[in-house]
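All of the numbers you see were taken from the coordinates with simple rules; none came from a lab. These numbers were taken from a predicted model, which means no experiment stands behind them. Heads up, the Cβs are rebuilt from the backbone with ideal geometry, glycines too, and the neighbour counts pull from every protein chain shown.
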Amino acid sequence: SVFLSILVATIIALSVVYSQEKAKNLEAVNPPTTPSTPKDPWENYRLPDSLSPVSYNITLWPRLVVNASTGLYIFTGQSDVVFRCEKETDLILIHCNKLNLTLLSLIGRDGATAPTIKKSWLEVPTQFLVIQLNSNLMAGRQYELYTEFIGELADDLGGFYRSEYTEGTIVATTQMQPEDARKAFPCFDEPAMKAIFHMNLLHAHGTVALANGMNLGKHGTLALANGKTCFISEAPRGTGSHEGKHVFCFQIRIWARKQAIAEGQGNYALEKTGPIMEFFEKYYSSSYPLTKSDQIALPDFSAGVMENWGLITYRETALLFNPASSQYYTVIYTERRQLAPLWFGNLVTMKWWNDLWLNEGFASYVSYLGADSYNFNCCTVHGAMSVDALASSHPLSAKEEDVVRPAQISELFDTITYSKGAAVLRMLSEFLTEPVFARGLSVRIVYVHV
């Protein structure tokens with residue numbers, strides 16, 4: 001009796017301490033605010049709902065040698081974005097960060113007359129290009145915003161950046177999730193703002209250019225000096241799927257250093273990609289909608305892996321199998337983990353970052369399908385429980401207004417989102433049964449994109 005009383009008292013005391021610590025952490029994350037005067041639109045971190053992108057035509061030219069006048073590696077670019085006016089407005093807000101704009105123009109499409117530009121500037125705190133107009137854009141009409149710009153091809157591992165292999169070869173690559181596409185070109189940089197992309201990559205002879213879509217060939221109308229070649233690639237917004245049909249017809253390629261390829265370090269990933277893709281096509285009842293699936297090993301990559309549609313980027317140790325330093329399981333799990341979001345993540349995307357767990361948690365869950373449950377419990381469930389027990393834990397899904405700043409978005413990429421999200425989805429699958437759960441996913445994909 002005395003022991004039980006002491007035990008109950010201890011549990012109550014620990015609960016009180018936990019609640020106090022939880023309250024302190026919540027207060028530190030969300031300090032009390034006082035009413036403030038209404039902000040100008042460009043002082044908010046979210047885009048207004050007045051404009052939506054239709055398509056982009058982007059040209060990027062990275063210089064893989066130091067610029068003599070600046071001492072920096074640079075890239076130049078052109079962006080031609082077609083957007084639709086959803087609500088009448090005299091303001092254009094589009095994300096743009098660390099780019100020096102050299103030309104800016106606006107024209108109307110399909111007979112629409114574009115307003116003249118009154119004033120434009122870069123709003124650094126919220127990373128917007130702000131364009132004030134002399135009259136309103138008309139709702140329902142489309143317009144075309146053209147920009148030319150210069151950016152630094154820095155080694156900061158974000159946006160369009162520079163990396164270097166051990167033998168000194170320079171590579172220009174990207175990491176755009178979650179909010180760094182705006183460092184590569186002006187864009188509506190939010191997950192719900194999907195559009196069609198046409199990419200033009202200028203590069204020197206003897207180098208290779210890759211994008212999300214297949215190369216459509218050399219551009220025959222550009223006169224490029226110094227042995228430059230322009231390749232054009234198109235990445236679609238999304239495509240329909242044929243329910244019940246399994247079509248496995250696309251090109252799979254592994255890209256890495258010449259020496260690594262010569263030593264066969266990419267062979268294991270190349271061998272396993274096809275069966276993994278085939279498994280997911282059957283699981284989702286939806287064919288992979290692109291014509292190729294490239295996977296490339298990079299020397300410097302902060303995210304470890306990024307599931308770009310059609311061009312997945314990996315840290316070298318995550319993709320290449322070297323018997324002296326790698327394990328088969330590491331490569332096969334990483335591939336499963338990154339190929340899964342090509343459907344539920346890329347094809348179907350959450351509206352805003354507060355529901356990131358639906359993307360990352362789902363990818364973590366389905367990457368274990370077909371594997372033994374021990375690894376899922378050990379690596380995912382137990383890890384999620386230990387972190388979720390801390391006072392610093394947070395809900396899987398937050399309110400949209402609580403996740404707006406880039407720092408708040410980045411904080412969501414954690415164990416709670418990935419592992420607890422996966423554990424909750426497995427609970428739902430077990431409750432519904434896996435066939436019913438998978439059927440619901442395939443219906444959702446077909447419903448959204450057919």
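Put the Cα centre of the stretch 376-442 next to the Cα centre of the stretch 159-219 and the gap is 30 Å. Note on Ser302 and Met138: with the Förster distance fixed at 30 Å, the Cβ-Cβ geometry gives a FRET efficiency of about 0.10.
Distances between placed amide hydrogens fall under 5 Å for Ile252 paired with Ser293, all partners being 5 or more residues away or on another chain.
What does DSSP give for the stretch 251-449 in terms of the percent of beta bridges that are antiparallel, rounded to the nearest 5?
15 percent
Once the Cβ-Cβ distance of Ser410 and Phe250 is raised to the sixth power relative to R0 = 45 Å, the FRET efficiency obtained is 0.85.
In the stretch 41-235, a dipole from Cβ-located charges (positive for Lys and Arg, negative for Asp and Glu) runs towards its positive end, and of Gln175, Tyr56, Leu99 it is Tyr56 whose Cα lies farthest in that direction. Using the Cβ of Ala398 as centre and a radius below 12 Å, the other residues enclosed give a net charge of -4, where K and R count +1 and D and E count -1. Taking 0.36 nm per residue of separation and subtracting the current Cα-Cα distance, fully stretching the chain between Asp90 and Leu432 would add 118.2 nm.
What full-extension length gain, to one decimal in nm, is calculated for Glu263 and Lys39 as 0.36 nm per residue of separation minus the Cα-Cα distance?
Values: separation 224, 0.36 × 224 = 80.64 nm, distance 5.82 nm.
In short, 74.8 nm is gained.
Applying a threshold of 29 Å to the alpha-carbon distances of Lys98/Lys292; Lys183/Lys351; Lys194/Lys282; Lys282/Lys399 flags Lys98/Lys292; Lys282/Lys399 as lying beyond it. Is the shape of the stretch 391-430 best called rounded, prolate or oblate, per the rule: a/c under 1.5 gives rounded, else a/b larger than b/c gives prolate, else oblate, with a ≥ b ≥ c the square roots of the Cα gyration tensor eigenvalues? Prolate, since a/c reaches 1.5 and a/b exceeds b/c. Assuming R0 = 35 Å, can you tell me the calculated FRET efficiency for the pair Ala389 and Arg439, based on Cβ-Cβ distance, to the nearest 0.05? So, using R0 = 35 Å, E works out to roughly 0.55. Less than 5 angstrom separates the built amide H of Ala211 from none of the residues sequence-distant by 5 or more or on a different chain. A simple spin-label model places the labels of Glu278 and Thr76 4.8 nm from each other, with each point 7 Å out along Cα-to-Cβ.
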